[in-house]
Amino acid sequence: LNILGVDSPLGDLAVYFASQPKLRGAVTTRERSRVIDGLFHCASENPSMLLLAKPHPRESRLRLDQAKETYAAGNTHVISQSQNPLHCINAADVVVTKASTTGLEAFQMDTPVISIVLDDDQNFTRYGDAAAQFREIEPLQNLLATLTKDSSTREEWISGQREQIEEFISLNLQPTDAPIERLVEEVISAVQQRARMETLPRSPAHPDSGY
């Protein structure tokens, strides 16, 4: 935490919010604001939670700073855009994002990921079953509050997510010398392709097939 310029204790649950900039067709201003407000409000209601919110390098930190001031919670911290996100992942128990490639980096560090997609666009379901998926703010807030307050539930949930991460890595993140940008594109493409295949209607089995 010292590397991040944070002087607060870790608390019972450290949450890293990997923010993404407003982008047409990807992240709207309204969606981004709802997630930011939801997370900062949740942290203000759970003092033993630590929230680390880092803006994207192409994103202004103003909206995050406004949320910190509004909710006036000493357990929330806005991290500099220039900071290495790996330090944030290393400090966190869980990473929250929409569809940032930070999620894939978190998987490689065995850190659970929560994907919050308020517009319900399946194109942003990039992590398969390896990430916990949310389409509304309130259920996400409820989960984070429970994980903060209940140590046994927290340990069980993190263990279960790590099992999903291990399976995801075995399918999608084999060792390679390819540039990270190409690796990310291939992983996203593979996950989306499997998701599309799972939604296709299956042909009925032939009577003589034995199935």
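In this entry, ILE158 is excluded by the filter for residues that are in a helix (DSSP H, G or I), at pLDDT below 95, among the hydrophobic types (A, V, I, L, M, F, W, C) and out of contact with any strand residue (DSSP E or B) (no Cβ under 7 Å at 6 or more places or on another chain). Examine segment 6-18 for a residue that is touching a Gly at 6+ places or on another chain (Cβ under 9 Å), closer than 15 Å to ALA145 by Cα and either free of Cβ contacts under 8 Å to residues at least 12 places away in the same chain or not in a helix (DSSP H, G or I) (or both), and state whether such a residue exists. Within segment 6-18 (the criterion being touching a Gly at 6+ places or on another chain (Cβ under 9 Å), closer than 15 Å to ALA145 by Cα and either free of Cβ contacts under 8 Å to residues at least 12 places away in the same chain or not in a helix (DSSP H, G or I) (or both)), the answer is no, since none of the residues qualifies.
Please work out if GLU163 is under 19 Å from the mean Cα position of the chain (by Cα), acidic (Asp, Glu), surrounded by 10 or more Cβ atoms within 10 Å (Cβ to Cβ) and modelled with pLDDT of 90 or more. Criteria met by GLU163. Taking the criterion of being under 15 Å from GLY11 (Cβ atoms) and either of a type in the set (Gly, Ala, Ser) or free of Cβ contacts under 8 Å to residues at least 24 places away in the same chain (or both), the residues of segment 23-78 that qualify are ALA43, SER44, SER48, ALA53, ALA73, GLY74. For segment 23-41, give me each residue that is part of a helix (DSSP H, G or I) and either surrounded by 19 or more Cβ atoms within 10 Å (Cβ to Cβ) or among the β-branched types (Val, Ile, Thr) (or both). Answer for segment 23-41, where residues must be part of a helix (DSSP H, G or I) and either surrounded by 19 or more Cβ atoms within 10 Å (Cβ to Cβ) or among the β-branched types (Val, Ile, Thr) (or both): THR29, ARG32, VAL35, ILE36, GLY38, LEU39, PHE40. Residue pairs whose Cβ atoms lie under 8 Å apart, separated by 6 or more positions or on different chains, with the first residue in segment 156-170 and under 19 Å from LEU144 (Cα atoms) and among the basic types (Lys, Arg) and the second at pLDDT 90 or above and not in a helix (DSSP H, G or I), are ARG162/ASP110; ARG162/PRO112.
The values are calculated or read from the model by the stated rules, or taken from the named source; none is laboratory data. Since the structure is predicted, the reported quantities are computational estimates derived from the model, not experimental observations. Cβ atoms come from the backbone with ideal geometry, glycine included; neighbour counts cover every protein chain shown.
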